[in-house]
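One structure is given here, and the rest of the page talks about it.
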Amino acid sequence: MKKSMVLALFYSLWFLNCKSSKVGYNMPPDLSDADKKEFVSRFNHGVKLYNLNCQKCHSGPNNSNEQGPNFTNDQIKSYEAAMRIQTPTHEFAQKLSAEDIDDIIIYLKFKKL
């Protein structure tokens, strides 16, 4: 019985993870083809990093919707500063590189709402 419940839970979580829709983006204008490819790569990396490090605290009715976080530009600036100076509530940023933080900010700035 326990084994079947554990398997059912595992498959439910796996299915939910696979089911999650891909996040859309608003690509900045006037990028070269190479820059577009890099933008998409960094945006997708930012999505993954946000989901791993930020989502548990920054989700809910006040700052999130079905597509993810819904921050204002001022909130994004504050969030970026908090990660870069590694405030106590953003200690996880110690394990992130400057480029990782940039990628999270790219995600927050350019995701479709």
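Structural remarks
- Looking only at segment 59-75, and only at residues there that are among the polar types (S, T, N, Q), surrounded by 12 or more Cβ atoms within 10 Å (Cβ to Cβ) and not in a loop (DSSP other than H, G, I, E, B), the one that is modelled with the highest pLDDT: Q75
- Filtered residue count, segment 22-58, keeping only those that are in contact (Cβ under 8 Å) with a residue 40 or more places away in the chain, surrounded by fewer than 16 Cβ atoms within 10 Å (Cβ to Cβ) and touching a Phe, Trp or Tyr at 6+ places or on another chain (Cβ under 9 Å): 3
- Scanning segment 28-56 for residues that are among the charged types (D, E, K, R) and under 17 Å from S97 (Cβ atoms) yields E38, R42, K48.
- Summed over segment 85-109, residues that are farther than 15 Å from L49 by Cα and part of a helix (DSSP H, G or I) total 3.
- Figure legend. Inter-residue proximity from segment 80-106: first residues acidic (D, E), second residues surrounded by 14 or more Cβ atoms within 10 Å (Cβ to Cβ) and modelled with pLDDT of 90 or more, beta-carbon distance below 7 Å, spacing 6+ or different chains. Indicated pairs: E80/I101; E80/I105; D100/L49; D103/R42; D103/H45; D103/G46; D103/L49.
- F43 modelled with pLDDT under 90 and in contact with a helix residue (DSSP H, G or I) (Cβ under 7 Å, 6 or more places away or on another chain): no
The values are calculated or read from the model by the stated rules, or taken from the named source; none is laboratory data. Predicted model, so just to flag it, every value in this text is computed and none were measured. No Cβ is skipped: glycine too gets one built from the backbone with ideal geometry, and neighbour counts run over all protein chains shown.
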